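Everything below concerns the one structure shown next.
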Amino acid sequence: MNTQKLTTVQNYALVLLRVLIGWHFLYEGIIKAYNPSWTSKGYLLSASILKPFFTWIASDSLVSVVDTLNIVGLIAVGASLLIGMKVRWGCIAGILLLLLYYLAHPPFPGLPQGPAEGSYWVVNKNLIEMVALWVIYQFPLISVFGIENLFLKKKTTTI
């Protein structure tokens, strides 16, 4: 098998993508955490497909837990990607969060459009960011830049 090594520019481009997505997740989580009136209830109740599921998790007994999990998930994914610690786990968690956001309001023809910055047809920012996380997952970017790399070097030098 012919394995091709990435160039320095390609490595740093992927790291930049990881950091920018991490910043976006972290910002979204922090902004929600600092807004005491924020809740996902309206977003969930306006879901167009899988409505029974999203209505169930928007129920009064669950929505505060869902809101907390959403905030914690956004902050954890953002921090993971931003600092380069457990990046693959961060990618998986980010993909799952984005999948839920996408499924709640998919930009499919004939469905009512949910809260969005424009009109989309199948592809929206959630889908694009999900695919970008999948791409990041494919590469060992902590060897380029990430806190986890410091711990790996420390382990290998002490053995």
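The values are calculated or read from the model by the stated rules, or taken from the named source; none is laboratory data. All of these numbers come straight from a predicted model, not from anything done at the bench. Backbone-built Cβ (ideal geometry, glycine too); neighbour counts: all protein chains shown.
Just a yes or no: is a residue in the range 47-63 in a helix (DSSP H, G or I), within 30 Å of Leu14 (Cβ to Cβ) and in contact with a Lys or Arg (Cβ under 9 Å, 6 or more places away or on another chain)?
Of the residues in the range 47-63, the ones in a helix (DSSP H, G or I) are 51-57, 63.
This time we only want the ones that are within 30 Å of Leu14 (Cβ to Cβ), so: none.
Looking for residues that are in a helix (DSSP H, G or I), within 30 Å of Leu14 (Cβ to Cβ) and in contact with a Lys or Arg (Cβ under 9 Å, 6 or more places away or on another chain), one finds none in the range 47-63, hence no.
With the checklist (1) closer than 22 Å to Ala132 by Cβ; (2) under 16 Å from the mean Cα position of the chain (by Cα); (3) charged (D, E, K, R) in hand, flag the one item Asp67 doesn't pass.
Failing condition for Asp67: (1).
For every residue, the table says whether it meets (1) farther than 19 Å from Leu127 by Cα; (2) among the aliphatic types (A, V, I, L, M); (3) in contact with a strand residue (DSSP E or B) (Cβ under 8 Å, 6 or more places away or on another chain); (4) in a helix (DSSP H, G or I).
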| residue | (1), (2), (3), (4) |
| --- | --- |
| Leu6 | yes, yes, no, no |
| Ala13 | yes, yes, no, yes |
| Leu17 | no, yes, no, yes |
| Phe25 | no, no, no, yes |
| Ile31 | yes, yes, no, yes |
| Ala76 | yes, yes, no, yes |
| Ala79 | yes, yes, no, yes |
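Would you mention how many residues in the range 1-40 are touching a residue at least 24 places away in the same chain (Cβ under 8 Å), over 25 Å from Gln138 (Cα atoms) and over 17 Å from the mean Cα position of the chain (by Cα)?
Within the range 1-40, residues that are touching a residue at least 24 places away in the same chain (Cβ under 8 Å), over 25 Å from Gln138 (Cα atoms) and over 17 Å from the mean Cα position of the chain (by Cα) number 2.
Would you please name the residue that is modelled with the lowest pLDDT, looking only at residues in the range 72-94 that are farther than 20 Å from Tyr34 by Cβ, buried (at least 19 other Cβ atoms within 10 Å of the Cβ) and hydrophobic (A, V, I, L, M, F, W, C)?
Top of the filtered list is Val87.
Listed residues Gly73, Gly84; which is closer than 22 Å to Leu17 by Cβ and touching a residue at least 60 places away in the same chain (Cβ under 8 Å)?
Values: Gly73 fails: touching a residue at least 60 places away in the same chain (Cβ under 8 Å).
The match here is Gly84.
Need the failing condition index for Ile49 against (1) surrounded by 14 or more Cβ atoms within 10 Å (Cβ to Cβ); (2) modelled with pLDDT under 95; (3) β-branched (Val, Ile, Thr), just the number.
Ile49 satisfies every listed condition except (1).
Which residue, of Leu44, Leu100, is in contact (Cβ under 8 Å) with a residue 24 or more places away in the chain, surrounded by 14 or more Cβ atoms within 10 Å (Cβ to Cβ) and either under 16 Å from the mean Cα position of the chain (by Cα) or part of a helix (DSSP H, G or I) (or both)? Show your work before the answer.
Values: Leu100 fails: in contact (Cβ under 8 Å) with a residue 24 or more places away in the chain.
Exactly one of Leu44, Leu100 is in contact (Cβ under 8 Å) with a residue 24 or more places away in the chain, surrounded by 14 or more Cβ atoms within 10 Å (Cβ to Cβ) and either under 16 Å from the mean Cα position of the chain (by Cα) or part of a helix (DSSP H, G or I) (or both), namely Leu44.
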